[in-house]
Amino acid sequence: MLEKLMPKSDEFFDDFDAQCSITLEGAHHLHALLKDFTDLDARVRAMKEVEHRGDAVVEVGFNRLHKQFITPFDRAEIHRLLGKIDDVLDLADAAAVRLNYYELPAPREDATELARLLVVCCEKMQVAVKELRHIKKPDLLLAQTREIKKVESQADEVLRAGMARLFKSGLDPLTVIKWKEIYDLIETATDRCQDVANIVAGVVLEHS
């Protein structure tokens, strides 16, 4: 009888899935912006709407965490997971906003490649987080976390090479500073994907 009165703990997985889906949508938006600078203002506003939807999902998840007695795994890890996925989308949105504010004349290939790698990271993050529902069958889940690490390492390499090219580009110093900030924001978003992967792997090791 008591079990029937308890909320379903798997609702947290719905929150995670919704978050990852919206975050992937945001990564696609950013990648598209960096491939084509036309109509930036409207497209950045659309990105901001995606970010707001992500915030709404996070709020639902946090509220559920405060109210719900039964959770599928440790409360602190659920809180961290919600927060880190949210960080990915916030960083992507921050990069998009700067593209608009800074009035940069044209995209740079390195920034576009970083955004593409962020999309790949988000795709793999979505699969890994979805597999948390099947925590007793961890093979696919752990494989995805390893794949996220590989992509994050690729983003590190692109950042280093891209920075070198940026500093040798002959662009004026202010433009260099603007692009450096955008590069850093996108690469940091891939770092947060790696943080998500680490949390997921930790939960698997604890419960398998």
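To the nearest 0.05, how large is the calculated FRET efficiency for T38 and L205 if R₀ is 45 Å and r is the Cβ-Cβ distance?
0.45
So how far apart, in nm, are the two label points at A56 and E181 if each is 7 Å from Cα heading toward Cβ?
Simple spin-label model gives 2.9 nm for this pair.
For labels at Y102 and K136 in the simple 7 Å Cα→Cβ model, what's the distance in nm?
Computed distance between label sites Y102 and K136 equals 5.0 nm.
Using a simple spin-label model with points 7 Å from Cα along the Cα→Cβ vector, what separation in nm is obtained for R45 and H66?
Calculated label separation equals 3.3 nm.
Taking a Cβ-Cβ separation under 4.7 Å as the criterion for a possible partner, which cysteines of the chain have none?
C20, C122 - these cysteines have no disulfide-compatible partner (Cβ-Cβ under 4.7 Å) in the chain.
Full-extension gain between H79 and R146, please, as 0.36 nm times their residue separation minus the C-alpha to C-alpha distance.
21.9 nm
Let me know the Rg and Dmax you get for the range 52-208 when you use only its Cα atoms, in Å.
Rg and Dmax of the range 52-208, Cα atoms, are 17.7, 59 Å.
Hydropathy first: keep DSSP H helices in the chain averaging at least -0.5 on Kyte-Doolittle, then drop any whose Cα extent along the axis falls short of 27 Å, and list what survives.
11-35, 75-101, 109-130, 139-167, 173-207
FYI, it's all coordinate maths here, none of it is from the lab. Keep in mind that this is a model prediction, so the values were computed, not measured. No Cβ is skipped: glycine too gets one built from the backbone with ideal geometry, and neighbour counts run over all protein chains shown.
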